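Below is one structure, written out as structure tokens; the observations come after it.
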Amino acid sequence: MDYTLLVLMLKDLVILPFQEVKLELKDEISKKIVKIGSKKYQNRLLIVSPINNQNEPSIDDLPNVGVVAVIKNNIELSNGNLRLTLRGEKRVRILAYESFSSDIIDAHLTDIDLPKLESNGEDVLRAKLLKTLNDYINSSPSISNSIVRTVSENDDIGFITDAITSFLPLNTSKKLEYMQEINSEKRALSLIKDIKLEIKYLKLEEQINNRVQVRLTEEQEEYYLKEKLKEIEDILGVKEEEKIVIKDYYEKLDTLNLNEKTHNKLFNEIKKLEITSPNSPEHSVIRSYLEWTLNLPWNNQTKENLKSKTILNSLNKSHYGLNDIKERIIDYINVKNINPDLSSPIICLVGPPGVGKTTISSSIAKALNREFYKISVGGLNDSTELIGSRRTYLGALPGKIIQGLRKCNSNNPVILIDEIDKMVKDYKGDPASTLLDILDSTQNKTFVDNYIEEPFDLSNVLFILTANNISDIPYTLYDRLEIIELSSYSVFEKVDIAKKYLLPRIYKEFKMSKKLIMKDSTLMYLINNYTKEAGVRNLYRTLRKLVTKVITDKKNSLTISEKDLQIYLKDNEIIKENPQITECGVVNALAYTTYGGVVLRVECALYEGDEKTLITGSLGDVLKESINVAISYIKEKNYLPLTEFKNKTIHLHLLDGAQKKEGPSCGVAITTAILSKMLNQVIDNNIAFTGEITLKGSILRVGGLKEKIIAAYNNNIKKVYIPLSNKNDLNEIPKEILNKLEIILVDNYHKIYNDLFKK
């Protein structure tokens, strides 16, 4: 009977009748063939292998005998590949190949009438074949005898020959010959011959072992192993370069001062590499592991600078201010001079972007004469990024910590772990808990990377962490960290930074021999009108743009005035929105964000309706509670008759509405806004508030006072009410700013009420 099937070409693989094979298909043409075969050809395909194994075979290279295979299972994997299970059904003769489409071939087939053997002759041939197979299996104890049970239960000589062919370790071309041979008697005779040849190979291997064994004595076991390895290498043709590499590994291992367990583990890995064929996939896995492990800085340590004066001078040259972190490093160095075995502190720098957290870390490494490596963990949710993956995984590598140590080639670098407040915890892992094992000095002496699998001492590493928002630092880490807050720069500090650090850096970058001539007032004008930030990152960009404009200007005048700034930087000027307060129910509140201090407007509206409170402005739960506390306080103190609240809806809104607002420092401003609206009194635009209020009117301490005061100064606020408990924080604020502001310390809201409403 003639019929048609689609052709699936398999290189380096031959499927025989009754043989079941699992494989993965990557190319789209093969996947398309399987799809069409499943739908239109009752899950059947014609499997052929190109003659001579051509890279790009044509129809002329395809055989005239193939195997019809049944698609038992096909699964589309996540990587796009198609996992397929095929079972050979029968041999067929191929009458002709034709193009099914531009990329697909189909074949016209006919069933083969297999010649029948005489029953006696078939029984004799079957018995001889099974005996030869038993001899082969008995020649090697490592070969499974499961095939004997399979073939002995079947009388069909065709089935037996195909089952044995699929079992034997024959090459592709040999199996192709068996697939194309339709005469089962000829296949059986060829199999008997090939099996006997395999038996000879097994005996030859045994003879090699025996010859080597004869040369040796009991005291020469090591010599025996080397001689046997030499014989194997000669047979396999191991290259001389490979022997040199293995020798280098042994020499490298001898130079490392490792504990006995780690030394033995690496020694065994080298021995395993020595006896593994270079063509084996395991060879590259072992070699990659040894390359990583033997080249780690197990004993390499950079000699650090322990002169505190030199370190302080170096840090002062590179960074303005940041006195807290500089003092902490100097304290560490002074104590380490007394106790060289002192564990390194785990410092966490918290502050707005652009205040110098990353750059001061790099400068600390340079001042200490240590190597520096940065790891960014912002958005990190996979713990294996830090501690590596198992060697058994495809493409496995050590984690970022081990990678950093190898790049530094030192076991005492400064490692910066950036943006720890932006790590993510999900089903892939908890990076914060993983970091705890890395940072904690009681645990990191025996840090084990999943890839390296041996303990590595991290106690000599100086870890510095950074974060923008202290409240977002994972709780599991917070208790172990030495928090140092880096606050915003005032406009006066920015002027000094621009003159001493930013402009000289730009001159050096542009190779300028002459410098710009600018008064401090001009720099201050530039800072106030063209930058709006807590740090100095945008200030550097603006100065760089100014210098670029100046040196490309034909006039080439180096004296810069405020008018020149308006010409050169006209498109960069910040439009400041600071409308005057003309209505009651509006007050200024000072807030602290991850980007520095800001002035927020608190608005209150009052109208007839249900006795309820509306809250808008993207407020967090803490701020919502502050509003309820403020209303209850006003009612309890009888600042207004309770009848004023009856059938009235109070609507409170914090600008701007799109920005998320958290934190308990707006209670005073909220209380003032409600009273202003209900008492119909306008609050002066030059007044701002910060502080949280209790039900009894006490005003509680707040954080980020320096940033808030700087924000008030930058927005032309003249009077600021702050909690009395924040009095000591005023020492951190530049005197130039304090002299421009009237700071009023209060411990109870009643004083504010008397100042603003009881006149």
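If you take just the strands (runs of 3 or more DSSP E) that sit entirely in the range 606-710, which of them hold at least 1 residues that are buried (at least 22 other Cβ atoms within 10 Å of the Cβ) and either without any contact (Cβ under 8 Å) to a residue 40 or more places away in the chain or in contact with a Cys (Cβ under 9 Å, 6 or more places away or on another chain) (or both)? Can you show your working first?
On the way: elements: 612-616, 648-654, 687-689.
In the range 606-710, 648-654, 687-689 are the strands (runs of 3 or more DSSP E) which contain 1 or more residues that are buried (at least 22 other Cβ atoms within 10 Å of the Cβ) and either without any contact (Cβ under 8 Å) to a residue 40 or more places away in the chain or in contact with a Cys (Cβ under 9 Å, 6 or more places away or on another chain) (or both).
Would the range 423-433 turn up any residue that is of a type in the set (G, A, S), over 18 Å from the mean Cα position of the chain (by Cα) and either surrounded by fewer than 19 Cβ atoms within 10 Å (Cβ to Cβ) or at negative phi (or both)? Break it down stepwise before answering.
Initially, the range 423-433 is screened for residues of a type in the set (G, A, S), giving 429, 432-433.
Those still in the list that are over 18 Å from the mean Cα position of the chain (by Cα) too: none.
No, that holds for no residue.
Right, T85: open to solvent by less than 30 Å² (accessible area, probe 1.4 Å), among the polar types (S, T, N, Q) and farther than 30 Å from N43 by Cβ or not? First the steps, then the outcome.
On the way: open to solvent by less than 30 Å² (accessible area, probe 1.4 Å): yes; among the polar types (S, T, N, Q): yes; farther than 30 Å from N43 by Cβ: no.
No: the conditions fail for T85.
Any residue at all in the range 394-414 that's over 20 Å from E291 (Cβ atoms), at pLDDT 85 or above and among the charged types (D, E, K, R)?
Initially, the range 394-414 is screened for residues over 20 Å from E291 (Cβ atoms), giving 412-414.
Among the residues that remain, those that are also at pLDDT 85 or above are: 412-414.
So of that shortlist, the ones also among the charged types (D, E, K, R) come out as none.
Looking for residues that are over 20 Å from E291 (Cβ atoms), at pLDDT 85 or above and among the charged types (D, E, K, R), one finds none in the range 394-414, hence no.
Return the residues of the range 327-363 that are more than 30 Å from R541 (Cα to Cα) and of a type outside the set (A, V, I, L, M, F, W, C); say none if nothing qualifies.
Once the filter is applied, which keeps residues that are more than 30 Å from R541 (Cα to Cα) and of a type outside the set (A, V, I, L, M, F, W, C), the range 327-363 yields R328, D331, Y332, N334, K336, N337, N339, P340, D341, S343, S344, P345.
What is the residue count in the range 190-211 for residues that are free of Cβ contacts under 8 Å to residues at least 60 places away in the same chain, open to solvent by 30 Å² or more (accessible area, probe 1.4 Å) and either part of a loop (DSSP other than H, G, I, E, B) or among the aliphatic types (A, V, I, L, M) (or both)?
The total comes to 2.
Looking only at the range 384-406, which residues are more than 19 Å from E454 (Cβ to Cβ) and in contact (Cβ under 8 Å) with a residue 24 or more places away in the chain? Let's see the steps before the verdict.
Here is the first cut: in the range 384-406, the ones more than 19 Å from E454 (Cβ to Cβ) are 385, 394-395.
Across the range 384-406, the qualifying residue is only E385.
Only one of K11, K31, K40 is over 19 Å from D162 (Cβ atoms), surrounded by 13 or more Cβ atoms within 10 Å (Cβ to Cβ) and charged (D, E, K, R); which?
Details: K11 fails: surrounded by 13 or more Cβ atoms within 10 Å (Cβ to Cβ); K40 fails: surrounded by 13 or more Cβ atoms within 10 Å (Cβ to Cβ).
It is K31.
Going by the conditions given, is I338 of a type in the set (A, V, I, L, M) and exposed (fewer than 14 other Cβ atoms within 10 Å of the Cβ)?
On the way: of a type in the set (A, V, I, L, M): yes; exposed (fewer than 14 other Cβ atoms within 10 Å of the Cβ): yes.
Yes: the conditions hold for I338.
State the number of residues belonging to the range 244-290 that are closer than 20 Å to S410 by Cβ, polar (S, T, N, Q) and in a helix (DSSP H, G or I).
Counting residues in the range 244-290 that are closer than 20 Å to S410 by Cβ, polar (S, T, N, Q) and in a helix (DSSP H, G or I) gives 2.
Please go through (1) touching a residue at least 24 places away in the same chain (Cβ under 8 Å); (2) open to solvent by 40 Å² or more (accessible area, probe 1.4 Å) for L46 and return the number of the only condition it doesn't satisfy.
Condition (2) is where L46 drops out.
Given the options L397, L386, name the one that is farther than 30 Å from S318 by Cα, open to solvent by 70 Å² or more (accessible area, probe 1.4 Å), among the hydrophobic types (A, V, I, L, M, F, W, C) and within 15 Å of the chain's Cα centre (by Cα).
On the way: L386 fails: open to solvent by 70 Å² or more (accessible area, probe 1.4 Å).
None of the other options fit; the residue is L397.
The values are calculated or read from the model by the stated rules, or taken from the named source; none is laboratory data. These numbers were taken from a predicted model, which means no experiment stands behind them. In this analysis, Cβ positions are derived from the backbone assuming ideal geometry, glycine residues included, and neighbour counts consider all displayed protein chains. Each accessible area value is taken on the protein alone, full model and side chains, heavy atoms only, with ligands, DNA and RNA left out. Shrake-Rupley method; radii C 1.70, N 1.55, O 1.52, S 1.80 Å.
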